[in-house]
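The values are calculated or read from the model by the stated rules, or taken from the named source; none is laboratory data. For clarity, every value in this text was computed on a predicted model and none was experimentally measured. We place every Cβ from the backbone using ideal geometry, glycine too, and count neighbours over all the protein chains shown. The area values use the complete protein model at the heavy-atom level, side chains included, leaving out ligands, DNA and RNA. Shrake-Rupley method; radii C 1.70, N 1.55, O 1.52, S 1.80 Å.
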Amino acid sequence: MTSMTFGRAINAGLRRAMEQDPRVLIMGEDVGKLGGVFRITDGLQKDFGPLRVVDTPLAESGIMGTAVGLAFRGYRPVVEIQFDGFIYPAFDQIVSQVAKMHYRTRGAVKLPLTIRVPFGGGIGSPEHHSESPEAYFTHTSGLRVISVSNPQDAYTMIQQAIASDDPVLYFEPKRRYHVKGEVDEAAAPQLPMGTARVLNEGSDVTLVAYGPLVPTARDAAVAASDEGVSVEVIDLRSLAPIDFATVEASVRKTGRLVITHEAAQSGGLGAEIAASITERCFDYLEHAPVRVTGFDIPYPASRLESHHLPDLDRILDGVDCAMDRPSSLAGVVSGSAAS
């Protein structure tokens with residue numbers, strides 16, 4: 001076991017994938033000599049050369065289109081989108097080409113393409129640098145979408161994404177880059193890429209989170225236990241497809257569901273989870289599913305982001321709501337102040 005930061009774990013996973021398969025290459029803005037704005041690819045161009053770690057122009061659509069051609073020819077490109085808000089110029093390539101090529105060719109063409117997306121807020125950045133665009137892509141058939149929350153998964157799942165013959169969007173929470181954790185570089189993956197993980201066993205409420213809010217959800221479970229509420233925390237890990245079997249089994253046990261994410265409430269992943277679990281577990285639910293999300297607004301100025309992002313108190317308020325207990329933050333649990 002080695003202690004490493006979240007960012008270093010991604011770097012190590014990329015390095016391992018490049019060592020094992022000469023078809024793996026990295027493309028993106030400043031990923032080479034600089035090592036990326038977050039230094040995630042630091043040292044890789046030095047060790048693997050500029051033909052495998054390619055500094056590109058500032059042209060996301062062009063980067064993605066080039067990656068499509070490379071994947072079509074048998075390479076396994078890993079594209080870095082420098083910031084979440086920069087992905088929109090590449091949106092047409094992703095939803096019109098990357099997602100549909102396998103289906104369009106009746107399975108004759110595979111696109112083993114990985115798209116790394118630093119996402120979410122919490123680092124004091126302005127708009128275009130703190131987005132949560134995952135729902136756009138979970139809505140698009142033909143894409144796998146995953147989000148990691150800890151260094152071990154960061155290391156393992158980047159390799160799983162690169163090895164997959166399906167296109168994968170790999171959402172990494174930028175505010176967790178410097179969080180340290182133990183990483184076993186020799187261990188085989190404990191779970192398939194599409195499987196959720198139960199982090200804390202509980203009996204009263206199921207709390208589902210992914211990416212940047214998983215540590216906050218675990219803190220909420222500890223705080224709730226001090227008040228006699230047993231919270232089961234699930235790290236979703238895969239956003240498309242969703243491991244509904246794991247969530248359903250938990251809700252059948254607890255009878256209550258809280259979902260939290262940084263993205264806005266309307267059309268967010270929480271709505272899909274709430275609706276699907278209601279359909280699957282209607283007779284088991286003691287309370288309607290509760291969503292604790294970002295608000296339905298453009299991402300605010302950095303000095304206001306702490307009010308926008310779900311925090312410990314708002315998640316605990318969601319737990320209280322699901323438990324039919326008095327709420328200290330009535331009216332602001334969900335993404336709309338009127339809910």
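Points worth noting:
- Restricting segment 197-236 to residues that are among the β-branched types (Val, Ile, Thr) and not in a helix (DSSP H, G or I), the residue that is farthest from Gly7 (Cα to Cα): Val229
Per-residue answers, yes or no, for (1) aromatic (Phe, Trp, Tyr); (2) buried (at least 20 other Cβ atoms within 10 Å of the Cβ); (3) touching a Gly at 6+ places or on another chain (Cβ under 8 Å); (4) within 26 Å of Arg176 (Cβ to Cβ):
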site	(1), (2), (3), (4)
Gly7	no, yes, no, yes
Met18	no, yes, no, yes
Asp30	no, no, yes, yes
Asp84	no, yes, yes, yes
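- Tally, over segment 248-270, of residues that are part of a helix (DSSP H, G or I) and either under 17 Å from Gly211 (Cβ atoms) or modelled with pLDDT under 95 (or both): 2
- Segment 310-327, subset assigned to a loop (DSSP other than H, G, I, E, B), of a type outside the set (S, T, N, Q) and farther than 13 Å from Pro289 by Cα, residue most open to solvent (accessible area, probe 1.4 Å): Pro326
- Residue in segment 179-194 that is at pLDDT 95 or above, more than 26 Å from Gly268 (Cα to Cα), over 18 Å from the mean Cα position of the chain (by Cα) and among the β-branched types (Val, Ile, Thr) present: yes
- The criterion of at least 2 residues that are in contact with a strand residue (DSSP E or B) (Cβ under 6 Å, 6 or more places away or on another chain) is met by the following helices (runs of 4 or more DSSP H) wholly inside segment 37-115: 44-48, 60-72.
- One residue stands out among those in segment 33-52 that are open to solvent by less than 20 Å² (accessible area, probe 1.4 Å) and under 25 Å from Asn150 (Cα atoms): the one that is nearest to the chain's Cα centre (by Cα), which is Ile40.
- Qualifying residue in segment 113-121 (condition: surrounded by fewer than 21 Cβ atoms within 10 Å (Cβ to Cβ) and either in contact (Cβ under 8 Å) with a residue 12 or more places away in the chain or charged (D, E, K, R) (or both)): no
- Looking only at segment 148-172, and only at residues there that are among the polar types (S, T, N, Q) and in a helix (DSSP H, G or I), the one that is surrounded by the most Cβ atoms within 10 Å (Cβ to Cβ): Thr156
- Checking Leu207, Leu257, Leu239, Leu191 one by one, the residue that is open to solvent by 20 Å² or more (accessible area, probe 1.4 Å), among the hydrophobic types (A, V, I, L, M, F, W, C), in contact (Cβ under 8 Å) with a residue 40 or more places away in the chain and closer than 26 Å to Phe137 by Cα is Leu191 and no other.
- Residues satisfying the stated conditions in segment 210-223, i.e. buried (at least 24 other Cβ atoms within 10 Å of the Cβ) and more than 17 Å from the chain's Cα centre (by Cα): Ala220
- Residue check, Thr140 surrounded by 16 or more Cβ atoms within 10 Å (Cβ to Cβ) and hydroxyl-bearing (Ser, Thr, Tyr): yes
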